[in-house]
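Trainee: My questions all concern the structure below.
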Amino acid sequence: MYSFEFEKPSTIADAVAALASEDAQALGGGQTLIPTMKQRLAAPSKLVSVSGIAEMQGVCIEDDGSVAIGGATTHARVAVEAAGSYPALAAVAGQIGDPAVRNRGTIGGSVANNDPAACYPACVLGSGATIVTNTRQIAADDFFQGMFTTVLEEGEIITSVRFPVPQAASYQKFLQPASRFALVGVYLARFADGVRVAVTGASEDGVFRWSEAEEALNKEFRPDALMGLHINPANMIGDLHGSKEYRAHLVGVMTKRAIEACS
Amino acid sequence: MPKDSGIGASSKRREDVRFLTGAGNYTDDINVHGQAYVHFLRSDIAHGRINSIDTSAAEGMPGVVKVFTGKDFEGVGGMPCGWEVTDRHGAPMQEPPHPILAQGKVRHVGDPIAAVVADSLEQARDAAEAIEVDIAELPAVMNMKAAAQEGATLIHDDLKNNICYDWHLGEEDNDKVNEVFANAAHVTTLDLVNNRLVANPMEPRVAVAEYSRGTEDYTLYTTSQNPHVIRLLMCAFVLGLPEHKVRVVAPDVGGGFGTKIFHYAEEAFCTFAAKACNRPVKWTSSRSEAFMSDAHGRDHVSTIELALDAENNFVGLRTNTYANLGAYLSTFSSSVPTWLHGTLMAGNYKTPVIQVNVKAMFTNTVPVDAYRGAGRPEATYQLERVIDKAARELGVDPIALRRQNFITQFPYDTPVALTYDTGDYNGTMDKLEAAADLAGFAARRSASEAKGKLRGLGINCYIEACGIAPSNIVGMLGARAGLYDAATVRVNATGSISVMVGAHSHGQGHETAFPQVVADMIGIDESMVEIVHGDTSKIPFGMGTYGSRSLAVCGSAMVKATEKVIDKAKKIAAHLLEASEADIELKDGQFSVAGTDKSVAWGDVTLTAYVPHNFPLEVEPGLEETAFYDPANFTFPAGAYACEVEVDPETGQVTIEAFTAADDFGNIVNPMIVDGQVHGGIGQGIGQALLENCAYDENGQLLSASYMDYAMPRADDLPFYAVDHSSQTPCTHNPLGVKGCGEAGAIGSPPAVVNAVLDALNSGGKAVDHIDMPMSPSRVWTAMHG
């Protein structure tokens, strides 16, 4: 690890100010950033921890019934505190990593990092959530821009993520055997106005919506609706743990299981 | 009835209290006043010629003590190989130099190029980044078969090719073997890969070395399974130091699994640098370094053929194996694909004609050496897979086919150089069939199918040659070391006992099991006996722990030394009791005169030994004896395993539903520890079969270089095991009748898992002959839809 400065402000305004210096970086739970720095693959001049900002912590229900998660809320806390209001979201949080990761890692950090195999991006995109930053509100459909890429500007902080609560939802995660990230993860949410299906782990372009499946499920919500639908393997990830064809196949299997869980 | 102490009792592991409460003392816990830290600059290129190394900028960096390169070691020996294999033509293996730091070329990703010693680790890392290395990249030699071809890029320029040796065992006459196969009623052939593994002990390797300018003594603290072996190799072959000036300490060691047997360059470097810098020098491997510098395991590519006659008797077996040794010879690497592998190809079966052919290859990969089982898993895997395939092809019951071909008469001379002293393979299989409830399998399969899953049953047998020794035999086979062991039993004045042993405990439970033996022999409480191990300044010159040898070899030395102690104590007791020595009996810690009520307690005799006021004049005072023990033969643990799996046909995911082990370990000192050893071994075998895969790309880059891509088995990947070791045919040639249990699980379990998965797929109408390990969901699904 290279030397760096460290600040832990207690307000969003102070965090934004601290992030103005060159090569400063926001620190959530550090579950990706700290190991990367230890391997000397990242060298921020300054880390600005957002974990001391009270207004970025916790789970609450907004007036419109949506569930808002503070950007610095840990997965462990979401797993417990969202269990009543949005059980599928709580279930996602409860199966990220291991207990150590869940007690440090935060929703803001995960969503901002947009790891192509992370769980939260599928849940955020599948739920049609809104990412709230210190400057604006961004629809999930506009937020994710491919592997490790989002529309966030330099120094912009995710202060909360607001989830509309679907009638039913399920996350089906097929584990990569080593990392236990998603080899393929499918988040399916059924709203009054339609079904959303978001897929993580599978694509070289990161999290994506499987629009053909959504259209089919909007016509009839049952597993057989997927018959004849296939993901094109060309853009899938192929690696040690699974070929492109295998991942494409798993998207179908996991989606089918999500439908069954929501039926 | 279970005993509550002594031999046969499941005494709780006393060492676990310190391990589980954070009170262990591991090498990284050792810090020496004034120590500096070393960071190795390692090659990120698999194969290349070093044009230049410029360390000048690094030398001027803050905190830097000294920067070393290969040039600093030109007058120093390289890392030695401890076993010279002779090839099929009688020529010695090709043995290339293995420098401490790269000289001229880099030969694998992770090959150390330079080392920076600095006041802090971060300063050493900073300075290492300032070293400028110019390497001209050469083609990486990765594929073993291509590496063996004429004209292949040479990894070692001074060798004639990349073949370390082309070795042979068993029937030499090719025509005879060909005739057996030509006349066979059925021949089953199988191509398979025994996947490369990384041992991944929980504790990475560490070395701390200090040098005293005043006394010219060195001390090396290191993560080793065998401190005397390290001292001998480092002093005699690498650094040219007098052994009496070097102390090697292996304190608590957090798992070895073979990979901490070997003498590594980093240990020799720290010892050398401690004098060169006149500072203690410490190195702690990062997990990333462990992946690219700890010796790897397995990595064989084999074709095996089994010939059967019309009655399904095995009549011939032939195997052709390419064994990957990596870029350099590690300490015992050459012995693994040969004498630890070819000799086991008979397995539990009376196959009359066996031919084993092995080409050992250099490639641009991390050196490969012994990993739990070492050669024996590779042999067992080939044999038990080809038998299973033969049973499927012939439509016969795989257990019946095995039983029909079992060796039943002992001793048995195999066609591949071993003499099995004892065993009862049918009896062990009987135990397995009962313990695994094989009769109930059909109902369990139906229940799985009702859930949409395929269920499979895999059976296999194994035999291993353990208790590694005997020195005269291994010497004839090329070992450059003896493989006896040693123990000193030191009785203290008040009756407690310290036993200094050459074996090293790094998870095996010696600190509990060894005292059980001594306490039982004398009839005192186990708590009065303690084991001392891991420090060359305290223990006799023993050869350490590997090859399931500790109890069979070192334990036998301990028994011999204890017998000497008891003999001497009886002389003292006879004097105290004014009786003839021949009439003295020792029971429950009391010496008594046969047929009388006269007795004297153990503690009174031991006190007399050290306060010899009233003492037999012809006897020396004190009570301390040493014995060295070199066995007459290997030991031959054997067993039969059953694995039941479910396969999800939609995803190819395999789950282990049941795993049953029936082992014959001969006599057993601590059944609970034996259970634990079997559990751990099966866990590693399931890891190999389903999860673990050390993979390189074609350029020699390590793809599975961290836990993000190297899948270690976790608790929820593993079932609850049923372990039965009531089948016991005691070893005929060591005093305890023990055979060793440390490696059995890792040897016996991979073929059981693979056989089970294939059984499941075939039950679902998928005619799949073979899937290479690890049987990941992706590979299983692909095989089902291929």
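Trainee: For region A:168-262, what % of the accessible area comes from carbon and sulfur atoms, probe 1.4 Å?
Mentor: 46
Trainee: Another question about this same structure. Using alpha-carbon positions, what is the distance between the centroids of region A:166-235 and region B:335-362, in Å?
Mentor: Answer, in whole Å: 50.
Trainee: What trypsin sites (Lys or Arg not before Pro) in region B:558-598 are in a loop by DSSP, with at most 16 other Cβ atoms within 10 Å of the Cβ? List each step's numbers first, then the result.
Mentor: On the way: sites: B:Lys560, B:Lys564, B:Lys568, B:Lys570, B:Lys571, B:Lys587, B:Lys598; in loops: B:Lys598.
Those satisfying the criteria are B:Lys598.
Trainee: Using a basic spin-label model with each label point 7 Å from the Cα along Cα→Cβ, how many nm lie between B:Asp588 and B:Val619?
Mentor: Calculated label separation equals 2.3 nm.
Trainee: B:His785 to B:Glu530: extension gain in nm, 0.36 nm per residue of separation minus the Cα-Cα distance?
Mentor: 85.9 nm
Trainee: Using the alpha-carbon centroid of each, what span in Å lies between region B:1-69 and region B:663-705?
Mentor: One Cα centre to the other: 22 Å.
Trainee: How much length, in nm to one decimal, is gained on full extension between B:Ala310 and B:Gln404, taken as 0.36 nm per residue of separation minus their Cα-Cα distance?
Mentor: Computed gain between B:Ala310 and B:Gln404 is 32.5 nm.
Trainee: Could you tell me which residue out of B:Asn667, B:Gly652, B:Ile131 lies farthest along the dipole of chain B toward its positive end? Charges go on the beta carbon: Lys and Arg +1, Asp and Glu -1, centred on the Cα centre.
Mentor: Of B:Asn667, B:Gly652, B:Ile131, it is B:Ile131.
Trainee: Further question on the same structure: For the interface of B with A, what's the total buried accessible surface in square angstrom, probe 1.4 angstrom, rounded to the nearest hundred?
Mentor: Buried: approximately 2000 Å² between A and B.
Trainee: Residue by residue, what Karplus-based ³J(HN,Hα) values in Hz, rounded to whole numbers, does region B:771-783 have, using 6.51, -1.76 and 1.60 with θ = phi - 60° and x for Gly and Pro?
Mentor: 9, 6, 6, x, 7, 5, x, 4, 5, 5, 4, 4, 5
Trainee: Along the Cα-to-C-beta direction of B:Ala136, a point sits 7 Å from the Cα; which residues of region B:63-83 have their amide N less than 16 Å from that point?
Mentor: Answer for this model: none.
Trainee: To continue, here is another question. Pulled fully out, how much extra length does the chain show between B:Ala601 and B:Val193, if you take 0.36 nm times their separation in residues and subtract their Cα-Cα distance?
Mentor: 140.8 nm
Trainee: Also, quick follow-up: May I ask you to find the residues of region B:751-786 that are shielded by at least 40 Å² of accessible area once the whole protein assembly is considered instead of their isolated chain (probe 1.4 Å)?
Mentor: When all protein chains are present, B:Ser778, B:Trp781 each give up 40 Å² or more of accessible surface.
Trainee: Calculate the radius of gyration of the Cα atoms of the protein assembly as shown to one decimal place, then report Dmax, the largest Cα-Cα distance, as a whole number, both in Å.
Mentor: 31.6, 105
Trainee: Moving on. Report the longest stretch of chain B that contains none of the chymotrypsin sites (Phe, Trp or Tyr not before Pro) sitting in a DSSP loop with at most 15 other Cβ atoms within 10 Å.
Mentor: Result, exposed sites excluded: B:1-706.
Trainee: Now for a separate question. Given a 1.4 angstrom probe, what's the average accessible area per residue across the protein assembly as shown, in square angstrom?
Mentor: In whole numbers, the protein assembly as shown has 37 Å² accessible per residue.
Trainee: Give the residues of region A:138-182 whose amide nitrogen is closer than 20 Å to a point set 7 Å from the Cα of A:Gln39 in the direction of its Cβ.
Mentor: Residues passing the 20 Å test: A:147-150, A:176-182.
Trainee: Evaluate E = 1/(1 + (r/R0)^6) for B:Asp697 and B:Asn762, where r is the Cβ-Cβ distance and R0 equals 41 Å; express this FRET efficiency to the nearest 0.05.
Mentor: 0.80
Trainee: Additional query: Out of B:Leu718, B:Asn693, B:Cys741, whose Cα points farthest toward the positive end of the dipole of region B:672-763 (charges: +1 Lys, Arg; -1 Asp, Glu; placed on Cβ)?
Mentor: Selected residue: B:Cys741.
Trainee: Considering every residue in A:240-252, what mean count of other chain Cβ atoms within 10 Å of its Cβ is obtained?
Mentor: Details: counts 10, 8, 7, 4, 0, 4, 9, 1, 0, 7, 6, 0, 1.
Per residue, the number of nearby Cβ atoms from other chains is 4 on average.
Trainee: Still on this structure, I have one more. Would you mind working out the magnitude of the charge dipole of region B:1-117 relative to its Cα centre, with +1 at each Lys and Arg C-beta and -1 at each Asp and Glu C-beta, to the nearest 20 Debye?
Mentor: The calculation lands at about 300 debye.
Trainee: Here's something else I'd like to know. Normalise the Cα radius of gyration of chain B by 2.2 N^0.38 Å (N = residues in it) and let me know the number.
Mentor: 0.99
Trainee: Kindly state, to the nearest 0.05, the FRET efficiency for A:Ala54 paired with A:Asp98, given R0 = 35 Å and r defined as their beta-carbon distance.
Mentor: Efficiency at R0 = 35 Å is approximately 0.80.
Trainee: Starting from the Cα of B:Ala276, move 7 Å in the Cα-to-Cβ direction to define the label point; list residues of region B:231-251 whose amide nitrogen is under 20 Å from there.
Mentor: Zone members listed by number: B:231, B:233-242, B:246-247.
Trainee: Shifting gears a bit: Accessible area of B:Leu138, 1.4 Å probe, to the nearest 10 Å²?
Mentor: Accessible area, nearest 10 Å²: 50 Å².
Trainee: Loop only by DSSP, 15 or fewer other Cβ within 10 Å of the Cβ. Give me the GluC sites (Glu not before Pro) in region A:149-254 that pass, ordered by residue number.
Mentor: Sparse-neighbourhood loop GluC sites (Glu not before Pro): A:Glu153, A:Glu154, A:Glu204, A:Glu220.
Trainee: Something else about it: What number, in percent, do you get for the relative contact order of region A:168-262 if the mean sequence gap of Cα pairs under 8 Å and at least 6 apart is divided by its residue count?
Mentor: Value for region A:168-262: 30 percent.
Trainee: In addition: Would you tell me the accessible area of A:Thr130, worked out with a 1.4 angstrom probe on the heavy atoms of the protein chains, in Å² to the nearest 10?
Mentor: A:Thr130 has an accessible surface of roughly 40 Å² with all protein chains in place.
Trainee: Computed over the Cα atoms, what is the radius of gyration of region A:168-262 divided by 2.2 N^0.38 Å, N being its residue count?
Mentor: Relative to the rule-of-thumb radius for its length, region A:168-262 sits at 1.01.
Trainee: What relative contact order, as a whole-number percentage, does chain A give when Cα pairs under 8 Å and 6 or more residues apart are counted?
Mentor: 15
Trainee: Sticking with this structure for a sec: May I ask you to derive the FRET efficiency for B:Lys245 and B:Asp119 from their Cβ-Cβ distance with R0 = 45 Å, giving the value to the nearest 0.05?
Mentor: That gives a FRET efficiency of 0.95.
Trainee: Quick one: Karplus J couplings for region B:499-516, per residue in order, coefficients 6.51, -1.76, 1.60, θ = phi - 60°, nearest Hz, x for Gly and Pro?
Mentor: Whole-Hz 3J(HN,Hα) from phi for region B:499-516: 10, 8, 10, x, 5, 10, 9, 10, x, 7, x, 4, 5, 9, 6, 4, x, 4.
Trainee: Let me ask something additional. With a cut-off of at most 13 other beta carbons within 10 Å, and DSSP calling the residue loop, which GluC sites (Glu not before Pro) in region A:1-67 qualify? Please list them. Walk me through the numbers before you get to the answer.
Mentor: Numbers: sites: A:Glu5, A:Glu7, A:Glu22, A:Glu55, A:Glu62; in loops: A:Glu22, A:Glu62.
The qualifying sites are A:Glu22, A:Glu62.
Trainee: Would you kindly work out the equivalent ellipsoid of region B:484-629 from its C-alpha gyration tensor and give its semi-axes, the square roots of five times the eigenvalues, largest first in whole Å? Mind showing how you got there, number by number?
Mentor: Details: eigenvalues 168, 42, 30 Å².
Equivalent-ellipsoid dimensions as semi-axes: 29, 15, 12 Å.
Trainee: What 222 nm value per residue comes from the helices of chain B, counting each DSSP H run with n ≥ 4 as -39,500 (n - 2.57) and dividing by all residues, nearest 500 deg cm²/dmol?
Mentor: About -7500 deg cm²/dmol.
The values are calculated or read from the model by the stated rules, or taken from the named source; none is laboratory data. Fair warning: this is a prediction, and the values are worked out from it, not measured in the lab. In this analysis, Cβ positions are derived from the backbone assuming ideal geometry, glycine residues included, and neighbour counts consider all displayed protein chains. Heavy atoms of the whole protein, side chains included, go into the accessibility calculation; ligands, DNA and RNA do not. Shrake-Rupley method; radii C 1.70, N 1.55, O 1.52, S 1.80 Å.
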